[in-house]
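Note sheet for the following structure.
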Amino acid sequence: MPVNLPDPVREPPGRPHDVERHWNEMTRRKRLYSVLGLVLLVACVIASLRFANETNAGKFFERLPYFFDFFRDLVPRDGWEIARALFDLPSPYDNGSFEYNYPEGRHYVWSSFYIPEYMFKMIETLNIALFSTVIAALAALCLSFLAARNMMPNPWIRNGVRRFLEILRAFPEVVVAGFFLAILSLGPLPAIAAVSLHTVGALGKLFYEVIENADMKADEGLRATGARWIERVRFGVLPQILPNLMSYVLLRLEINVRASTIIGAVGGGGIGELLRLSISQNHEAKTLAIVFLLLVTIIGVDQLSASLRRRLADERAFHPA
Amino acid sequence: MSAVPALSALEELAERHSDTLRIAANRARRLPLLLCGLFVYLVASWWFFSIGSILAAANWPIAGTYLASWVSYEIRPEFRIAPDGAMTLSYGRGPLGKDPKPDWVRLETAVRSPEKPAAAAAARTTAPAATPAKTSSFNFMSPDAAPMAGDAAPAAPQEKVETVITRAAVMLSGAASLAITPSQVDVKNGDEVVSIRLADGRAEPIGSLPGWAEQKRAGEKIVLSFGLAGWAEVSGDRISVRNRFFGWANFLFDTQSPFFGKPYSEVWRLVLSGDRIDPSRSNLALAWNNICYNAEWQHLDVWTKLLQTIVMAFAGTLFAALLAFPLAFLAARTITASRVLNQGTKRLFDFLRSVDMFIWALFFTRAFGPGPLAGMAAIFFTDTGTLGKLFSEALENIDDRQREGVRSLGASPLSVQRYGILPQVLPVFASQTLYFWESNTRSATIIGAVGAGGIGLKLWEAIRTNSNWANVAYMVLLLLLVVFIFDSLSNALRSRLIGRVNA
């Protein structure tokens, strides 16, 4: 077979080192690019750090000594104070100030049984996350079938729904929360609106990608029997994608627990706001109690969701779609 | 018959494999049960959050106004009627400056001395803004449709006199207009006309009010809404009108600027070849300065804050990746043999990740004061945990043969890592870092709002005033643009990195 391409192995015997020279050249060029990239990166980092330091309220090296003071100030008067703050038990240091007024936040359910304030607020935050995830997942499910190529042949509707989901996803949650805060006044609803709108965008995209990857043989069979669109969705596509969707919903729930805490801090109620207040007022026992509660909750939700997702994956492996 | 034995055979079969059938029955019952549970949960949450009552109590009409203010602005002429019947007009702190004389407000003035009642002196009709032919209300970003002060009020012929308004006509965009005299206001909206008598500080409608006019109690203020064109409030001694225009007012120059109100062509001419307005610097420098320090839009401040957010995400993610990189080698069970070290590092990652970015942000805001340092530190701490976890998982999943090959050549432990592992994982690490850089640009906005600086805080402050929605829209647009650019950039870089892995 005639070879027209220049082949380094078949170079004339007078130039034996062409391959090596070429290799060295390439290595040199690669190294040069790497060094240039690194220099650029370092320059960017230095510039960013200087800029950040200059525009910050406190300068880094001025604040550094006080930085550890802040953590020292976080140590409560005794270890039991954290438990007292957590369970709303009366404190021996109570002097009428807001720092030690733990029992005042109790939520009495009946007679003398109460839910401690922080736990109640934590439940509220968790419920904001769960509720938003559920309604957003339902909405995303409806929208994702309209955005999937294999279920929606009309490109106008499909692309319209996709753009809509993109906007929902990219829109800053703070703005949605703030806007609904202005209309609905303080409460959990602005946080629900913000979290669920963002979740519709995020889940919708994941969902339609799953739908597009579904096996269409079942759908074909249904279409052959003259099934309507909704029947094809229900019996052809939904059974095979449902475990996958559930797993995405659980992942999103983990994210939303964190998101609803943050949105709570900017005015949507829940535990986030309490944490912001107690940190800014230097209430060390309260702060530590809330941080502890949050840490336990977040780890718990993560573990629960991970184990549920494992079970879903097992189920899928056992009953292949 | 043959059917009977077949049935019994089936029953026998069911008897033998009862487990299988039971699972199927359970699975069939699961979906309806799940749906019932979901329904109960949704109803319970509806009650828990008292959603119904909150939605009912919400101020929905104002939601439309707020949404409209994202892309429009209001000009607010306000007429005050003194007890002796003298009317005065003011524009408050509007986007047109102190004395705009817009062409949609026509005034009839009279000169009088304060002792005598009005109307005796020579009444003089002025259409104050006869100069501009343009009547378009769609002046996007440019106030050039708004006329500048033409000839001023007629020179007072003698001392001790004042000019008062005897009649005013306000034409709103659309078909609405108001004809105002000190004793009566005639409001025309489309074909309908409402007359309101003003006497003794009370506003009394003549006849019944249509649907677009509302009066809570007799004699008090009447609110007239004209949809997107604006609205007006009429009370006994005051008529305030809100005329809504599409666009962002004074986007480049505010009312203090010498370039304010000039058409673009003239601004361009002044910047390129005009005489210096401020002798100490060129017109270009002056214009740029005026844009940067625009009092309403605060461009320079917004850009600085946006840069802070970008810097927060960039430096925070980069440092997190740099710290997570060596730690991941300690955490990976396939690389470091010590079980204690593996578990210790992994638990550290879990801790950093689970104490949420938000909690770190609050801590560091307290420690460093509000600003990008706090946000950067928060992103750094959280992402050290997240990236460390991802990196160590990647390290545990690598192909071991390459490492064995390098080791079999008698390479030192460090060389084994360098040539046996790094080439496999480095593109993956870089791609994960880029992904987090991009997603942190979004997160930095939210933690900014709790005090960690950047555009988030500025955005939140603008939202909380409830009146700067156009500024909110501007910042959201900038943010979306930045997120879009970083999204594409990180996607492009990542696909190149992953491409090199496949090659």
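The numbers here are math on the coordinates, done by the rules we state, and not lab data. From a predicted model like this one, the values you see are computed outputs, not experimental measurements. Cβ atoms come from the backbone with ideal geometry, glycine included; neighbour counts cover every protein chain shown.
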*Could you work out the mean projected area of the convex hull around the alpha carbons of chain B, in square nanometres to one decimal?*
47.8
*asked:* Which of A:211, A:183 has the fewest other C-beta atoms within 10 Å, and how do the rest follow up to the most?
replied: A:183, A:211
*Peptide B:60-68: average number of partner chain Cβ atoms within 10 Å per residue?*
2
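Lys and Arg at +1, Asp and Glu at -1: add these up for the other residues within a Cβ distance under 15 Å of residue B:403 and post the number.
Working: positive: B:333, B:401, B:407, B:418; negative: B:396, B:399, B:400, B:404.
Here the charged neighbours net out to 0.
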*Mind listing the long-range amide H neighbours of residue A:269? Cut-off is under 5 Å, sequence gap 5 or more, other chains count too, H placed in the peptide plane at 1.01 Å from N.*
A:187
*asked:* As an exercise, use a Förster radius of 51 Å and the Cβ-Cβ distance of residue A:281 and residue A:20 to find the FRET efficiency, rounded to the nearest 0.05.
replied: 0.10
_Counting only helical runs of four or more DSSP H residues, what would the 222 nm mean residue ellipticity of chain A come to if each run contributes -39,500 (n - 2.57) and the total is spread over all its residues?_
-24000 deg cm²/dmol
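Given an 8 Å cut-off on Cα distances and at least 6 residues of separation, report the relative contact order of chain B as a percent.
Working: 754 pairs, mean separation 58.3, N = 503.
Worked out over chain B, it gives 12 percent.
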*Given a cut-off of under 8 Å on Cα pairs at least six residues apart, what relative contact order in percent is computed for the stretch A:189-249?*
40
*If we count every other residue with Cβ under 11 angstrom of residue B:287's Cβ, Lys/Arg +1 and Asp/Glu -1, where does the sum land?*
+1
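From the convex hull of the Cα coordinates of the stretch B:3-48, what is the mean projected area in square nanometres? Provide the component values of the computation, followed by the final result.
Working: hull surface 17.1 nm².
Over every viewing direction, the Cα hull of the stretch B:3-48 projects on average to 4.3 nm².
Can you check what the net charge comes to around residue A:147, using other residues whose Cβ is under 15 Å from the Cβ of residue A:147 (Lys, Arg +1; Asp, Glu -1)? Before the final figure, lay out the partial values.
Values: positive: A:149, A:158, A:162, A:163, A:169, A:205; negative: A:166, A:209, A:212.
Result for the local shell: +3.
Show me B:51-61, B:25-35, B:72-82, B:413-423 ranked by packing, highest mean number of other Cβ atoms within 10 Å first.
Numbers: B:51-61: 12.0, B:25-35: 10.0, B:72-82: 19.5, B:413-423: 14.4.
Most protected by this proxy first, the peptides run B:72-82, B:413-423, B:51-61, B:25-35.
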*Quick one: helix B:455-464 against the long Cα principal axis of chain B, what's the angle to the nearest 10°, folded into 0 to 90?*
50
*So who's got an amide H within less than 5 Å of the one on residue B:166, skipping anything under 5 residues away but keeping other chains? H placed 1.01 Å off N, in plane.*
B:108, B:109, B:110
*Can you list the HN-Hα couplings for the stretch A:60-65, worked out from phi with the Karplus curve (6.51, -1.76, 1.60; θ = phi - 60°), rounded to whole Hz and with x for Gly and Pro?*
4, 6, 6, 7, 4, x
*As computed over the protein assembly as shown, the Cα convex hull volume per residue (Å³)*: 365
*Is the stretch A:19-73 rounded, prolate or oblate when judged by the Cα gyration tensor, a ≥ b ≥ c being the square roots of its eigenvalues, rounded requiring a/c under 1.5 and prolate requiring a/b larger than b/c?*
prolate
*Using θ = phi - 60° and the Karplus relation 6.51 cos²θ - 1.76 cosθ + 1.60, list the HN-Hα couplings for the stretch B:195-211 in order, rounded to whole Hz, with x at every Gly or Pro.*
10, 10, 8, 10, 8, 6, x, 10, 10, 10, x, 8, x, 8, 8, x, x
*Which cross-chain or sequence-distant (5 or more) residues have an amide H under 5 Å from the amide H of residue B:175, H modelled 1.01 Å from N in plane?*
B:190
_Take residue B:498 and residue A:238, extend 7 Å from each Cα along the Cα→Cβ direction, and tell me the distance between the two endpoints in nm._
3.2
*Using a 10 Å cut-off on Cβ to Cβ distances, tally the other chain neighbours for every residue of B:462-473 and report the average as a whole number.*
3
*Kindly put B:338, A:196 in sequence by how many other C-beta atoms sit within 10 Å of each C-beta, fewest to most.*
B:338, A:196
*In Å and from the alpha-carbon atoms only, list the Rg and Dmax of the stretch A:163-299.*
20.3, 69
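By per-residue mean of other Cβ atoms within 10 Å, what is the highest-first order of A:147-158, B:238-249, B:451-462? Don't jump to the answer; show the numbers that get you there.
Details: A:147-158: 14.6, B:238-249: 20.9, B:451-462: 26.4.
Top of the packing list down: B:451-462, B:238-249, A:147-158.
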*Mind checking which of A:223, A:28, A:311 has the largest fluctuation in a GNM of chain A, springs on alpha carbons under 10 Å?*
A:28
*Applying 1/(1 + (r/R0)^6) with R0 = 56 Å to the Cβ-Cβ distance of residue B:206 and residue B:487, what FRET efficiency is obtained, to the nearest 0.05?*
0.40
*Sum of -39500 (n - 2.57) over DSSP H runs of 4+, divided by residues of chain B (222 nm, nearest 500)*: -16500 deg cm²/dmol
*Where does each of A:283, A:22 land when they are ranked from fewest to most other beta-carbon atoms within 10 angstrom?*
A:22, A:283
*Shielding score for B:448-456, defined as the mean number of other chain Cβ atoms within 10 Å*: 5
_³J(HN,Hα) computed for each position of the stretch B:477-491 - Karplus, 6.51 cos²θ - 1.76 cosθ + 1.60, integer Hz, glycine/proline x_ = 4, 4, 5, 4, 4, 4, 4, 5, 4, 5, 4, 5, 4, 5, 4
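Looking at chain B, how many pairs of lysines come closer than 17 Å at the Cα, when each pair is eight or more places apart or spans two chains? Before the final figure, lay out the partial values.
Numbers: B:98/B:262; B:101/B:134; B:101/B:262; B:116/B:160; B:134/B:262; B:305/B:458; B:346/B:389.
Total qualifying Lys-Lys pairs in chain B comes to 7.
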